[in-house]
Every structure is written in C-alpha cells, then in structure tokens.
Amino acid sequence: GEDVEQSLFLSVREGDSSVINCTYTDSSSTYLYWYKQEPGAGLQLLTYIFSNMDMKQDQRLTVLLNKKDKHLSLRIADTQTGDSAIYFCAESVPYNTDKLIFGTGTRLQVFP
Amino acid sequence: GAVVSQHPSRVICKSGTSVKIECRSLDFQATTMFWYRQFPKQSLMLMATSNEGSKATYEQGVEKDKFLINHASLTLSTLTVTSAHPEDSSFYICSAKRDGGRAGEQFFGPGTRLTVL
C-alpha cells in the first residue's frame, strides 16, 4: 500500500532556509501536496505539484520532486518565526485524486 | 473564502455514550467531505469519504456501525461515534472538497479533540 514518510523535527534559525523532506512509495500518484498545520487550526494547503513537474516555486516556497527516487522536498526561504508549524506532505491515490495519503508530519521550529 | 468549521472543538464523554461531531463548509458547497483521525505524532488517517445524498465510503478497517456518517446537505456532514470507548479518544479532522474545485484540493476544519473516560 501507499506509505509517506517524513522526518519528525527540524529546527532552524530565523532568516535561514528550511528544507523539509518527504519520501513516498506510489510512483503513480498524480499530485503531491504540502500542508501546514498550526496549533488549534486546520491544515492549510501551501502548495502542490503535478507529478510530471520537477520543480515549482511560489514566493518563498520551492517544491522539488524527484520521481526516480520518490522524493519530495519543500524549501522555505528566509524562514520566519511565523513559519513554525507542522508540515505534512501528502500524495493523491492513483485513480482517485480526491483521496490523500499523508505523511507523519515534520515539526518546524524557528528560533531567533 | 473556503472556510470549514467543526463543532465541538473539544468533547469529553463517558464510556458507552455517543458523540456527534459536525463539519460545515461555511462559504462553499461541498458534495464530498472527508473524515480523518489523527493520533499524537502520527499522520492523518482517512476514515471515510462522505457524499451528500448517498452512503459514506469507509476505509478498510473502519467500522461503519461505530462511526456513523450523515451528509445531509451540501454544507454539513456529521460523524457520530457510537458507544464510545477510551480507545476512540483521538483528534478527528474533517475536510471538504469544494464543488467545481481543483482535483485533490481539500479545505480542512480545525479538528475535534475527543476524550472518552
């Protein structure tokens, strides 16, 4: 079955770049997503990438996709304290793009 | 836009009682909603897909008689945990897919923390 893995914790200094990594198992996923969860709030979609793309940039966010290695990463440039949250990657299930498989989440802590 | 609310945000109940959790899309219509369960330090596990006007589709291993889902309107889905037991204690999160929205895009509620004593 599908499995999505992430490292549990990342700590960075304010102003540095953060890189959150994710590996997935199903190479036929159509979309891959990054969600952000702040305390007491629902998951917020940050960005997504279509499976035939290698990279997508959206302001401070850069998503890299390596389909050969089934590796997805999210880079946050100029990380701010407001970026502290849990970040989830997710892949869509093949033939059912509405169904998502989530990773375990990476807690990003930004310190001054 | 695209706000999803859940009620209650937190509930404590006695073992054996039933608890109802509501999920509402506040500013859009959602034929399809999803219910997830999240354990501490673990990912979200999809429990079921809720479809307005039809029966919910449950994931493997989820007891449909224990987790009753009713999607009565285009803006409301409810999850009822029947005869709750301590092992049902968890964080329940719903999401909604906006009608006409992009495939795979879901808007999430803030979650409901259920504690069964």
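The values are calculated or read from the model by the stated rules, or taken from the named source; none is laboratory data. Keep in mind that this is a model prediction, so the values were computed, not measured. Ideal geometry is used to build each Cβ from the backbone, glycine not excepted, and the neighbour counts take in all protein chains shown. To get the accessible areas, we keep the full protein, side chains included, count just its heavy atoms, and leave off ligands, DNA and RNA. Shrake-Rupley method; radii C 1.70, N 1.55, O 1.52, S 1.80 Å.
Just a few scattered comments:
- Filtered residues of region B:13-37 (kept if among the β-branched types (Val, Ile, Thr) and more than 14 Å from every other protein chain (Cβ to nearest Cβ)): B:THR17, B:VAL19
- Residue check, B:VAL62 surrounded by fewer than 20 Cβ atoms within 10 Å (Cβ to Cβ) and either more than 13 Å from chain A (Cβ to nearest Cβ) or more than 30 Å from A:GLN6 (Cα to Cα) (or both): yes
- Region A:51-93, subset surrounded by fewer than 17 Cβ atoms within 10 Å (Cβ to Cβ) and among the acidic types (Asp, Glu), residue farthest from A:TYR24 (Cα to Cα): A:ASP78
- Pairs linking a residue in region A:75-98 that is at the interface with chain B (Cβ under 10 Å from one of its Cβ atoms) to a residue that is hydrophobic (A, V, I, L, M, F, W, C) and surrounded by fewer than 17 Cβ atoms within 10 Å (Cβ to Cβ), with Cβ atoms under 6 Å and 6 or more positions apart or on different chains, are A:THR97/B:ALA103.
- Residue within region B:47-58 that is among the aromatic types (Phe, Trp, Tyr) and either within 16 Å of A:ASP98 (Cβ to Cβ) or in a helix (DSSP H, G or I) (or both) present: yes
- Against the test of being more than 10 Å from chain A (Cβ to nearest Cβ) and touching a helix residue (DSSP H, G or I) at 6+ places or on another chain (Cβ under 7 Å), the options B:LEU79, B:LEU114, B:LEU68, B:LEU74 yield a single qualifying residue, B:LEU114.
- Residue in region B:86-102 that is touching an Asp or Glu at 6+ places or on another chain (Cβ under 9 Å), open to solvent by less than 30 Å² (accessible area, probe 1.4 Å) and not in a strand (DSSP E or B) present: no
- Filtered by the rule that a residue be part of a loop (DSSP other than H, G, I, E, B), among the small types (Gly, Ala, Ser) and out of contact with any Lys or Arg (no Cβ under 7 Å at 6 or more places or on another chain), region A:52-90 gives a lone residue, A:SER84.
Conditions (1) assigned to a strand (DSSP E or B); (2) free of Cβ contacts under 8 Å to residues at least 12 places away in the same chain; (3) over 15 Å from the mean Cα position of the chain (by Cα); (4) surrounded by 13 or more Cβ atoms within 10 Å (Cβ to Cβ), marked per residue:
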site: A:CYS22; (1), (2), (3), (4): yes, no, no, yes
site: A:SER27; (1), (2), (3), (4): no, no, yes, no
site: A:ALA41; (1), (2), (3), (4): no, yes, yes, yes
site: A:LEU45; (1), (2), (3), (4): yes, no, no, yes
site: A:ILE49; (1), (2), (3), (4): yes, no, no, yes
site: A:LEU108; (1), (2), (3), (4): yes, no, no, yes
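- Of everything in region B:38-47 that is closer than 14 Å to B:SER95 by Cβ, within 11 Å of another protein chain (Cβ to nearest Cβ) and out of contact with any Gly (no Cβ under 8 Å at 6 or more places or on another chain), the residue that is least open to solvent (accessible area, probe 1.4 Å) is B:LEU44.
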